[in-house]
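First up is the structure itself, then whatever we jot down about it.
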Amino acid sequence: MKYLPNLLTLANLFCGCIAIAFIMNAQPFWADFQNGSYWAVFGTEQMYLGSIFIAVAAVCDLLDGAVARGLKIFSPIGKDLDSLADLVSFGVAPSMILFKLLWAAFMSEEKALDVSMLAMAPAFLFACFGALRLARFNISAPQKGGFTGMPIPAAGIFVATLPLIAWYNPYGLGVYLQNKWVIYIVIAVLCWLMVSRIPFFKLMPAKWKLAYTWPQLVLVAVTLAAIPFLKIAAIPLAFIVYILLSLVYRRPAEEQAT
């Protein structure tokens with residue numbers, strides 16, 4: 001049983017590698033954006049499965065920490081291994097998604113054949129800032145109730161929803177993902193959030209008391225209420241609500257003292 005947390009971490013890494021393989025092999029498809037125009041979108045089944053495997057990696061990432069705490073197991077190797085796995089699953093794999101989305105956006109332009117590959121290079125800033133976020137976390141003092149800067153899994157899961165939004169196009173949001181400037185802005189905002197000094201609360205509360213759990217309860221309630229109306233777009237909404245709740249949430253005094 002003592003190896004179970006590390007096995008779950010390796011499962012996280014394994015799923016991240018599979019996600020990268022699917023994303024790299026994504027083939028173009030044509031999508032109708034309800035106004036009679038068709039756009040070439042790089043993704044279809046491969047990009048979809050890449051997003052799914054990032055989600056599975058997130059489940060493994062959540063479980064490895066929970067199992068380690070439940071079994072009272074801690075090892076420096078496990079901590080470093082977790083960061084390495086997170087960088088692949090929630091840093092490199094989402095960067096590949098952003099790369100493909102930028103590629104699709106440029107390929108829809110009139111002078112697509114003249115576009116330099118360097119125009120897609122900003123996609124990999126996401127992985128670089130994610131690595132910086134993880135490195136800073138590893139040398140920081142443990143924070144029982146939250147994080148400084150957005151956790152890379154949260155940012156990675158947000159990016160993983162973008163191909164699904166491009167495919168299902170809820171409320172016409174997929175059209176905006178055909179705009180290179182929108183994607184550049186998404187990259188810049190996510191990079192800044194990961195290395196910012198904004199205190200983000202943990203999804204698993206330190207104690208099961210209302211003073212500790214109310215932001216998690218609000219986040220879950222808003223997300224569940226939005227799913228019937230927004231479908232897949234409920235996940236980006238949850239991401240925005242998570243940011244707003246983190247800005248207003250203040251940890252109880254007894255938790256700050258620990």
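Taking the average, over residues, of other Cβ atoms within 10 Å as the packing measure, peptides 189-200, 54-65 rank 54-65, 189-200 from highest down.
Over segment 93-169, average the accessible area per residue using a 1.4 Å probe and give it in Å², no decimals.
Working: 3360 Å² over 77 residues.
Value for segment 93-169: 44 Å² per residue.
Note down the relative contact order for segment 169-258 as a percent, whole number, built from C-alpha pairs under 8 angstrom at least six residues apart.
31 percent
Using the empirical formula 2.2 N^0.38 Å as the baseline, the Cα radius of gyration of segment 163-258 reaches a ratio of 1.29.
Using a Gaussian network for the chain with springs between C-alpha atoms less than 10 Å apart, which of these wobbles most: 156, 172, 16? Judging by the Gaussian network model, the answer is 172. The chain has equivalent-ellipsoid semi-axes of 33, 21, 17 Å, by the square roots of 5 times the alpha carbon gyration tensor eigenvalues, sorted largest first.
Over segment 88-161, the pair-distance histogram of Cα-Cα distances with 5 Å bins from zero comes to 3, 16, 22, 18, 14, 11, 7, 5, 3, 2, 0 percent, rounded to whole numbers. Taking the chain as a Gaussian network of alpha-carbon nodes connected by springs under 10 Å, the highest mean-square fluctuation of the residues 228, 94, 163 belongs to 228. For the chain, the number of Lys pairs separated by eight or more positions or lying on different chains, with C-alpha atoms closer than 16 Å, is 9.
For the chain, what is the calculated [θ] at 222 nm in deg cm²/dmol (nearest 500), taking -39500 (n - 2.57) for each run of four or more DSSP H residues and dividing by its residue count?
Details: 10 runs with 163 residues, N = 258.
Helices in the chain give a 222 nm mean residue ellipticity of -21000 deg cm²/dmol.
Here the chain is treated with +1 on each Lys and Arg Cβ and -1 on each Asp and Glu Cβ, and its dipole about the Cα centre works out to around 940 debye.
The values are calculated or read from the model by the stated rules, or taken from the named source; none is laboratory data. Predicted model only: the values in this text are computed from it and were never measured. For neighbour counting, all protein chains shown are included, and Cβ atoms are generated from backbone atoms with ideal geometry for every residue, glycine included. These accessible areas exclude ligands, DNA and RNA; they are computed on the full protein's heavy atoms, side chains included. Shrake-Rupley method; radii C 1.70, N 1.55, O 1.52, S 1.80 Å.
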